[in-house]
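Worksheet: one structure, shown below.
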Amino acid sequence: MSIVGSTTEELLGQLASGDVSCVELTSAYLDQIAARDPEVQAFLRYDRDDALRQAERIDAKRQSGQPLGKLAGLPVAVKDNMCTKGQPTTCASRMLEDFVPPYDAHVVTRLKEADAVLMGRANLDEFAMGSSTENSAFQVTRNPHNAEFAPGGSSGGSAAAVGAGMTPLALGSDTGGSIRQPASFCGVVGMKPTYGRVSRYGLVAFASSLDQIGPLAGDVTGTARLLEVIAGHDARDSTCVDLPVPEYTQSLNEPLSGLTIGIAAEHFAEGLDPEVESTVRSALDVYTSLGATVKEISLPHSRYAVATYYVVAPCEASSNLARYDGVHYGFRAESFENMIDMYATTRGEGFGDEVKRRIMVGTYALSAGYYDAYYLKALKVRRLIREDFDRAFADVDVIASPVTPTPAFKIGSLVDDPLAMYLQDLYTLSANLAGIPGISIPAGTSSGGLPIGLQLLAPAFEEERLLRAARMFEQESE
Amino acid sequence: MHHTIVIGLETHVQLLTKSKLFCGCVNRFNPENPNTQTCPVCLGLPGSLPVMNREAFLLSVKTGLALNCDISQFTKWDRKQYYYPDLPKAYQISQYDLPFSHDGFLEAEVEGQGVKRVGIIRAHLEEDAGKNMHDETGGGRDSHVDLNRCGTPLLEIVTEPDLRSAAEAKAYLDELKLLLNYLGVSDCNMQEGSLRCDANINLHIHGDDGSKIATPIVEVKNLNSFRGVEQAIDYEANRQLEIYEETGRKLGDPGVHKETRGWDANRSVTFGQRSKEEASDYRYLPDPDLVPITLTADEIDEIRQALCEFPADRRRRFSEAFELSAYDVSVIVNQGAEFANYFETVAAECGDGKQAANWCTQDVQRELNERSVAIGEFPIGAVALGTLLAKVVANEITTKSAREVFAELLESEAIEPTAALAQIDQIIEERGLAIVSDTGELEGVVETVLAGNQKIADDFRSGKQGAIGPLIGQVMREVKGADAKVVRQMLIEKIGK
Ligand SMILES: [Zn+2]
């Protein structure tokens, strides 16, 4: 059996039985990176020697009979907005090109404790702002299924790396769909956990009340395994919830009996690509054949989700990114007149267009006299959106929908149309506004040969239900 | 025409917590070692997140209660956004529209005027900024920033514009400082910047026809001594009156904004600062990294129950319990909680408040001043002093003897309380200071002395009252610890016979 292309469970089995060493396994993925990444460009940085050293350590640990972590020997790519001690964490921005954090993000600590091999740093839209990974200051990542097409974003590097078989697992972050949309475009599984399920400590903030780190993998089981490792309480993040973490992999293969799936008319409205719609409807047929009931629900405020999101997220972003001023760390402009000019020039040169656009929108919306009309209003609508879900989940167990209105689009086709780009998140960003978990699983392929995903949403902290529901579909389509 | 000065004070108080407000860094004044008390959180590094220090919040709620404020059951954190090199996140975590406490008051005794009640609009908690070591000439290139102070907890207490003179402002600040001392909330060390003050000042001009005109409000920033507050108020009152008489400009006129001025302590003048118009929009935003704090009425009550006695209550209690004058009580209570506790123990031990007050405010205070130490470092413990004074009260030793013992105890420096008691007895024994109550022994000595000094006895009989002095001295030289009063009485009786 070849290593690249195997599932995480198969790989763990081979490692445990001694059929393959961690060094052999890591080498195979490094070879795959060497073969595929010049085209895909998913990795901003990877260090072959460093990865092999980690692998050697894990092999040694196994040979000496020491207990091993849940990911023992599995490579994981990390989106380049999660701090890793002593290694650059750039957020794909010139602003942080040379920034080396003195500490590990909570999730990075968890990966190390679980004996994962940190493979390298995945590309992203600058500061996670975008839906195509074209906003990276350093390189454009390509869709592994067709290099002319975008991998989605902002976790495009993570999704493309998994999709191209360059790593079995990756971490992404999802603020409005940034894990689920690229997972869908690249034909992999990606999950945004409940807000508060995974510590954000060490995740460079974009929009603090929406950001959540999540797993990407080739299959649902790998996704569940990675979530098991990163989820759980961390006292360093006040918004991280202290609830026990179920062993998702244990219950995963038990089908949910009497499953009721909600579908909202709002998710099948104008602008939805017919191939995407038919893929989602076929998936629903699969569930029906497994004994599930499909029920119509209504999410009346979901039509305000894009508007709400594009007030809340830029407002928080304008505040979170204000610290990049050239004073204490990061990029500083070469020449400037005085202190104020240093701020302006540094930020003008250090940020890309999309980041500047959002900072300006957020700054404007928070200005005196506009706060009530924009930010406060957006918070009120956000509550209505959450209440829509509360009502819906009183009747159904999960909600099924498309992940995106279309399959992957061509690179360059939306860069001059920010609004069209924002509409990419139409079906995904409600989950961030409501704080609920969502998953994207491969459900079909377009006539153009591009993957199409299915999105499932569940109530807060029902990741176990979400993963089991996803696994039911996956098992049936295997 | 006459005018009233109208003053509101905003006081920033650094809280005495072990660690900073949102991270684990130590909270200590340490300008000699810049940037040594920092971590990713207070440096505002990418990815770092704040976590609230509960100790700081608890101290703040205590202060709010002591200021008679309503404590909010729901309070949240907001980001106050502005760019400055000493603010690495480019926002300060503060409280904007829902402070943890509001609508209170503090009563302060104003000299020659009685008690003044000063309204408190709000008290809220926020993080302090770092400190810039300035040199803007190089466009910021030659400036340095020390972030040791960055993120330390700061309590901002805002009064109503209730103060009407520099003396009232001083009285309010003195009482506030004392209250914070009793609460153990802050050391209020103004040299180290743990208490800083901004004053909002304007005038109400009263015309003879009963009209009233308000002059534009001026905020004088960063007053770092109480003396500075007083001087700035008086200086502003004169300056504003002159300007009003010149220009007639008043509050509410078109183009009149609140003016911000600095205080030059060397020249004792206020000076105009760059207009704040540009910087005045702080774009407040509820901090999404921190969860709101909720307190139940029971929890607030629990904190209230655990509060210490406030200075005003203690003054009242001391004057009743120990029958002291208002002056004595103030002298004791205003020295701070430790000193008042010391006094109370001494008074309880010796059973005589007046005696304890005299010793504490005179003998003890004099030594403290000479040694420049606080009562906590005073070598004679309260129980020891109380025990010593109890002997005076019980007529076992004289006040003069007690001073001798006191002086010797001072020499021996900090001694164990039980050892101190033994030492007191030992000194009295060694020096024979115990008052001789055995009149038999005294009687013999008195008779001997009288027999040898018949001339003096005659002089006394013939009306020379002063003649008896040397006789008393002679008896007391013979019998150490004899009570002069008793000796005098015995001498008079015997001469009269
Ligand atoms: Zn710190």
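Side notes on the structure shown:
- Over every Cα atom in the stretch B:40-165, the radius of gyration and the widest Cα-Cα span, Dmax, amount to 18.0, 57 Å.
- Order of B:Thr361, A:Thr26, A:Thr346 - criterion: other Cβ atoms within 10 Å of each residue's Cβ, fewest first: B:Thr361, A:Thr346, A:Thr26
- Cα-based reach from B:Lys354 at 30 Å (exclusive), listing lysines while leaving out same-chain residues under 8 positions away: B:Lys116, B:Lys170, B:Lys177, B:Lys391, B:Lys400, B:Lys480, B:Lys485
- Peptide A:455-465 - average C-beta neighbours from other chains (10 Å radius): 0
- Chain B: equivalent-ellipsoid semi-axes (sqrt of 5 x gyration tensor eigenvalues, Cα, Å): 59, 29, 21
- Residues A:Arg110, B:Arg477, arranged from fewest to most other Cβ atoms within 10 angstrom of their Cβ, appear as B:Arg477, A:Arg110.
- Orientation-averaged projection of the stretch B:5-52 equals 5.5 nm² [convex hull of Cα atoms, one quarter of hull surface area].
- Rounded to the nearest 5, the antiparallel percentage of DSSP beta bridges internal to the stretch A:8-251 is 65%.
- Selected from B:Tyr342, B:Ala356, A:Phe138, residue furthest toward positive end of dipole (the protein assembly as shown; charges at beta carbon): B:Ala356
- Mean Cβ neighbour count within 10 Å, used as a protection proxy, ranking A:125-138, A:398-411 highest first: A:125-138, A:398-411
- Kirkwood Rh (inverse of mean 1/r, distinct Cα pairs), the stretch A:8-251, angstrom: 17.4 Å
- Rounded to 0.05, the FRET efficiency of the B:Glu408 and B:Glu338 pair, given R0 = 35 Å and the Cβ-Cβ distance, is 0.90.
- Theoretical ellipticity at 222 nm over the protein assembly as shown - DSSP helices of four or more residues, -39500 (n - 2.57) apiece, nearest 500: -12000 deg cm²/dmol
- Partners for A:Lys112 among lysines (Cα-Cα distance below 17 Å; same-chain residues under 8 apart left out): A:Lys61, A:Lys70, A:Lys79, A:Lys85
- Overall, the anisotropy analysis places the stretch B:2-297 in the prolate class: the square-rooted eigenvalues a ≥ b ≥ c of its C-alpha gyration tensor yield a/c not less than 1.5, with a/b exceeding b/c.
- Kirkwood-type radius of the protein assembly as shown, with distances r between different C-alpha atoms, in Å: 33.5 Å
- Considering only chain A, percent of DSSP beta bridges that pair antiparallel, nearest 5: 65 percent
- Estimated translational diffusion coefficient (Stokes-Einstein, Kirkwood radius over Cα pairs, 25 °C, 0.890 mPa s) of chain A: 111 µm² per second.
- Debye equation applied to the C-alpha atoms of the stretch A:195-296, log10 I(q)/I(0) at 0.13, 0.19, 0.25 Å⁻¹: -0.74, -1.08, -1.16
- Inter-chain Cβ neighbour count for B:86-93, averaged per residue, equals 4 (cutoff 10 Å, partner chain atoms only).
- Mean Cβ neighbour count within 10 Å, used as a protection proxy, ranking B:306-319, A:152-165 highest first: A:152-165, B:306-319
- For the residues of B:285-293, the average number of beta carbons from a partner chain within 10 Å of their own beta carbon is 5.
- Paramagnetic reach from A:Thr7 (point 7 Å along Cα→Cβ, amide N under 18 Å) across the stretch A:171-209: A:187-191
- For the stretch B:222-324, dividing the convex hull volume of the Cα atoms by the residue count gives 276 Å³ per residue.
- Its residue count N fixes a reference of 2.2 N^0.38 Å for the stretch B:309-430, and the Cα radius of gyration divided by that reference is 1.01.
- The alpha-carbon atoms of the stretch A:402-478 define a convex hull whose volume equals 89 cubic angstrom per residue.
- Here B:Glu320 and B:Asp97 are evaluated by their C-beta separation; at R0 = 51 Å the FRET efficiency comes out at 0.75.
- Of the beta bridges in the protein assembly as shown, as assigned by DSSP with both residues counted there, near 85 percent are antiparallel.
- Electrostatic dipole magnitude of the protein assembly as shown [Cβ: Lys, Arg +1; Asp, Glu -1; Cα centre; debye, to 20]: 440 debye
- The Stokes-Einstein estimate for the stretch B:439-496, based on a Kirkwood radius over Cα pairs and taken at 37 °C with 0.692 mPa s viscosity, is a diffusion coefficient of 296 µm²/s.
- Local net charge near A:Cys91, Cβ-Cβ under 11 Å (Lys/Arg +1, Asp/Glu -1): -1
- As a proxy for reagent exposure, ranking B:Tyr284, B:Tyr182 by other Cβ atoms within 10 Å from fewest up yields B:Tyr284, B:Tyr182.
We did not get these values from a lab; they are worked out from the coordinates using the rules stated. Please read all numbers here as calculations on a predicted model, not as lab measurements. Quick reminder, even Gly has a Cβ in these numbers, built from the backbone with ideal geometry, and neighbours come from all protein chains shown.
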